[in-house]
1. Leaving out ligands, DNA and RNA, and with a 1.4 Å probe, what % of the accessible surface on the chain is carbon or sulfur?
2. When the dipole is taken about the Cα centre of the stretch 1-123, and only Lys, Arg (+1) and Asp, Glu (-1) are charged at their Cβ, what size is it in debye, to the nearest 20?
3. Over the chain, what is the percentage of antiparallel beta bridges among all DSSP beta bridges, to the nearest 5?
4. Report relative contact order for the stretch 103-238 in percent, whole number only (criteria: Cα-Cα under 8 Å, sequence separation at least 6).
5. Could you tell me which label, among [x] 18.6; [y] 18.0; [z] 25.4, carries the value of Kirkwood radius over Cα pairs in Å calculated for this structure?
6. Which value, in debye to the nearest 20, gives the size of the charge dipole of the stretch 164-238 about its Cα centre, when Lys and Arg are +1 and Asp and Glu are -1 at the Cβ?
7. Please list 190-198, 167-175 highest first by mean number of surrounding beta-carbon atoms within 10 Å per residue.
8. Can you give the log10 of the normalised intensity I(q)/I(0) at q = 0.25, 0.27 Å⁻¹, computed with Debye over equal Cα scatterers of the stretch 129-168?
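The values are calculated or read from the model by the stated rules, or taken from the named source; none is laboratory data. Treat the numbers as computed from the prediction; the structure is a model and nothing was measured. Counting neighbours? That spans all protein chains shown, and the Cβs are built from the backbone with ideal geometry, glycine included. We work out accessible area using only protein heavy atoms, side chains counted, and drop any ligands, DNA or RNA first. Shrake-Rupley method; radii C 1.70, N 1.55, O 1.52, S 1.80 Å.
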Amino acid sequence: MTHADDSNTAPAKAPAKDPWELPDVSGLVVGVLGGTGDQGRGLAYRLARAGQRVVIGSRNAERAQTAAAELGLGVEGADNAECARRSDVVIVAVPWDGHAKTLESLREELAGKLVVDCVNPLGFDKQGAYALTPEEGSAAQQAAALLPGSRVTAAFHHLSAVLLQNPDIEEIDTDVMVLGEVRADTDLVQALAARIPGMRGVFAGRLRNAHQVESLVANLISVNRRYKAHAGLRLTDV
């Protein structure tokens, strides 16, 4: 009687990876395009305070250097192109109306980089803030279309610039929804968010789902105005 060939036995499945097992990002240089604006400046401050090496970018190098000196914590300033060249991870925190033009002009410098888009396409009228829908679907999808040589993710949309910039606040009590096409890239961004005390990065889907994440900021602005708050988001049961 012949025995079944052991080679036909199905290989044992590798144990599922723990989704909270994130890479060490402490050695990465983070660039912040639009780092002289409130949101960019706040993110630069928090990451530098957590020990990250940070370069803030602006269209005007001198303006970036002045802002960097005010922040301290080893933050450096440069023009946007130099900021992109010197960074491993580049956070895009420019105003929506300058989003496409800025990224188009930096396509070469951003090639091969991990790009984190946190721009919220919003309009404002007498009724308050409302979401805009870019032709590509979202700011993040526009970034991906304009930067074919970059690894584009989306995150850091729902953070209060006021809280980020306040040195008396030790922890930022919020979750950061992270979107992207490649899990290794979203893991890096989640790990970067987790460097900031009180903050947690949570994977929230592919870039095609970025529109509703960007749009939710309009709702948070309404919450903040009504309750005189600086509301963030927490995801339950995760």
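1. 50 percent
2. Value, rounded to 20: 320 debye.
3. So the antiparallel bridges in the chain amount to around 20 percent.
4. Relative contact order here is 27 percent.
5. Of the listed options [x] 18.6; [y] 18.0; [z] 25.4, [x] comes from this structure.
6. Value, rounded to 20: 320 debye.
7. Taking the mean over residues of other Cβ atoms within 10 Å, the ranking is 190-198, 167-175.
8. -0.88, -0.93
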